[in-house]
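Encoded as structure tokens, the structure appears first; notes follow it.
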Amino acid sequence: MARTDDDSWDITEGVGATALGVAWSRSEEAASDCPLFTDPYAQLFVDAAMNRGWQLPPHYMIERIRSIGGYAASRTRWFDEFFIAAGANGIDQAVILAAGLDARGWRLPWVDDTVLYEIDQPKVLEFKAQTLAQHNAIPSVSRYVAVPIDLRQDWPKALCDTGFDVAVPTAWAAEGLLPYLPADGQDLLFERINELSARGSRVGVESFGGGFFDRDYLARRREQLRRLREEAGDDVSQKSPTPRICGTSRTAPTWPTGSPITIGKCRRSRHSTS
Ligand SMILES: C[S@@+](CC[C@H](N)C(=O)[O-])C[C@H]1O[C@@H](n2cnc3c(N)ncnc32)[C@H](O)[C@@H]1O
């Protein structure tokens, strides 16, 4: 599906379906003999989407996803530990950007009084909420807040409007997001995170190291995908979709305690009574 500056999607369409691909991958890991994490919700999302007519990706894409299954599982585990460590260090406000079908709000052991905000496209979060409600899933976090908005729009305002507190440290996660934003959109994302972050905030980012864009590496990946398609009997003369679930490095910088930050207009303490 061609992208435009203001496109939107449902869970089974275009970029939305990548969240299903990741959920499928998590369901496979969770069902394995020695899983890196438990996620009983991933399979529920896949089943609910299939009930809506969504089909698993073609065989060659499944093989491609399987071939990086270990990466996807370690990525999930890495972000799980990122949030657990943040909580252990006294951070009780978290924001998951482009949350997709991430079920951390229902499966992680959050510290008491933690507030978790999730941002994604409205239809994606709607599908997620409906599926979880159908299964009577109860959040493991003290307060869960869905913020349905496109990350290319004024999401800081939407976040603040739902109660986000710029005065307290926040744990941010950008997992499986950057490939879907243009370069200037990525810059803007981090500028905004910085503006909304009190001292002691931290951010976990799945990013691509320079090697990811190396010509030889890209050529090898294209060839691997072409071979998988050929083995699956696919017409390799047709353009192939870009593999979506991949990456090479993640970092979790913390703000130095002395670094200057800009406080946005929406300062409001959730501990205040007004
Ligand atoms: C590969 S999925 C990753 C989902 C989740 N972070 C995970 O790892 O399971 C990409 C997600 O990014 C969301 N996304 C991409 N671009 C977005 C945008 N501009 N605004 C809001 N959400 C976006 C999609 O809707 C989708 O849920």
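Taking the criterion of being in a helix (DSSP H, G or I), among the aliphatic types (A, V, I, L, M), away from the ligand (no atom under 11 Å from the Cβ) and touching a residue at least 24 places away in the same chain (Cβ under 8 Å), would at least one residue in segment 79-95 satisfy it?
Taking every residue of segment 79-95 in turn, at least one turns out to be in a helix (DSSP H, G or I), among the aliphatic types (A, V, I, L, M), away from the ligand (no atom under 11 Å from the Cβ) and touching a residue at least 24 places away in the same chain (Cβ under 8 Å).
Any idea which residue in segment 19-68 is nearest to Gln121 (Cα to Cα), counting only those that are among the small types (Gly, Ala, Ser) and away from the ligand (no atom under 14 Å from the Cβ)?
In this case the residue turns out to be Ala48.
What are the residues in segment 12-48 that are of a type outside the set (Phe, Trp, Tyr) and within 15 Å of Trp106 (Cβ to Cβ), if any?
Of everything in segment 12-48, those that are of a type outside the set (Phe, Trp, Tyr) and within 15 Å of Trp106 (Cβ to Cβ) turn out to be Ala23, Arg26, Ser27, Ala30, Thr38, Asp39, Pro40, Ala42, Gln43, Leu44, Ala48.
How many residues does segment 173-201 hold that are assigned to a strand (DSSP E or B) and more than 16 Å from the chain's Cα centre (by Cα)?
Looking only at that region, the number is 0.
Given the criterion within 15 Å of the ligand (Cβ to nearest atom), at positive phi, modelled with pLDDT under 95 and not hydroxyl-bearing (Ser, Thr, Tyr), identify the matching residue among Gly176, Gly185.
Gly176 is the lone residue from the list that is within 15 Å of the ligand (Cβ to nearest atom), at positive phi, modelled with pLDDT under 95 and not hydroxyl-bearing (Ser, Thr, Tyr).
I'd like to verify a number: residues in segment 38-54 that are on the phi < 0 side of the Ramachandran plot and either touching a residue at least 60 places away in the same chain (Cβ under 8 Å) or out of contact with any helix residue (DSSP H, G or I) (no Cβ under 9 Å at 6 or more places or on another chain) (or both), how many? It would help to see each step written out before you state the result.
Quick first cut of segment 38-54, residues on the phi < 0 side of the Ramachandran plot only: 38-52, 54.
Applying the additional criterion that residues be either touching a residue at least 60 places away in the same chain (Cβ under 8 Å) or out of contact with any helix residue (DSSP H, G or I) (no Cβ under 9 Å at 6 or more places or on another chain) (or both) yields 38-42, 44-45, 48-51.
Count: 11.
Given (1) over 13 Å from the mean Cα position of the chain (by Cα); (2) within 12 Å of the ligand (Cβ to nearest atom); (3) under 24 Å from Pro148 (Cβ atoms), identify the lone condition not met by Gly16.
(1)
Go through (1) at pLDDT 90 or above; (2) closer than 23 Å to Ala19 by Cα for Thr170 and report which single condition fails.
In the conditions (1) at pLDDT 90 or above; (2) closer than 23 Å to Ala19 by Cα, Thr170 misses (2) alone.
So, of the residues in segment 108-122 that are touching a residue at least 40 places away in the same chain (Cβ under 8 Å) and in contact with a helix residue (DSSP H, G or I) (Cβ under 7 Å, 6 or more places away or on another chain), which turns out to be nearest to Arg199 (Cα to Cα)?
Filtering segment 108-122 for residues that are touching a residue at least 40 places away in the same chain (Cβ under 8 Å) and in contact with a helix residue (DSSP H, G or I) (Cβ under 7 Å, 6 or more places away or on another chain), the one nearest to Arg199 (Cα to Cα) comes out as Tyr117.
Could you please let me know if Thr162 is crowded, with 22+ Cβ neighbours inside 10 Å and in contact (Cβ under 8 Å) with a residue 24 or more places away in the chain?
no
Read through the list (1) in a helix (DSSP H, G or I); (2) more than 12 Å from the ligand (Cβ to nearest atom), then give the number of the only condition that Lys123 fails.
Lys123 satisfies every listed condition except (2).
If I ask for residues that are of a type in the set (Val, Ile, Thr) and either surrounded by 23 or more Cβ atoms within 10 Å (Cβ to Cβ) or under 10 Å from the mean Cα position of the chain (by Cα) (or both), which ones from segment 93-111 would you list?
Of everything in segment 93-111, those that are of a type in the set (Val, Ile, Thr) and either surrounded by 23 or more Cβ atoms within 10 Å (Cβ to Cβ) or under 10 Å from the mean Cα position of the chain (by Cα) (or both) turn out to be Val95, Ile96.
Out of curiosity, is Val205 part of a strand (DSSP E or B), β-branched (Val, Ile, Thr) and within 12 Å of the ligand (Cβ to nearest atom)?
For Val205, the condition - part of a strand (DSSP E or B), β-branched (Val, Ile, Thr) and within 12 Å of the ligand (Cβ to nearest atom) - is met.
Of everything in segment 153-163, what is out of contact with any Lys or Arg (no Cβ under 8 Å at 6 or more places or on another chain) and within 16 Å of the ligand (Cβ to nearest atom)? Give them in sequence order.
Once the filter is applied, which keeps residues that are out of contact with any Lys or Arg (no Cβ under 8 Å at 6 or more places or on another chain) and within 16 Å of the ligand (Cβ to nearest atom), segment 153-163 yields Gln153, Asp154, Lys157, Ala158, Leu159, Thr162.
The values are calculated or read from the model by the stated rules, or taken from the named source; none is laboratory data. Quantities reported herein were computed from a predicted structural model and do not represent experimental measurements. Ideal geometry is used to build each Cβ from the backbone, glycine not excepted, and the neighbour counts take in all protein chains shown.
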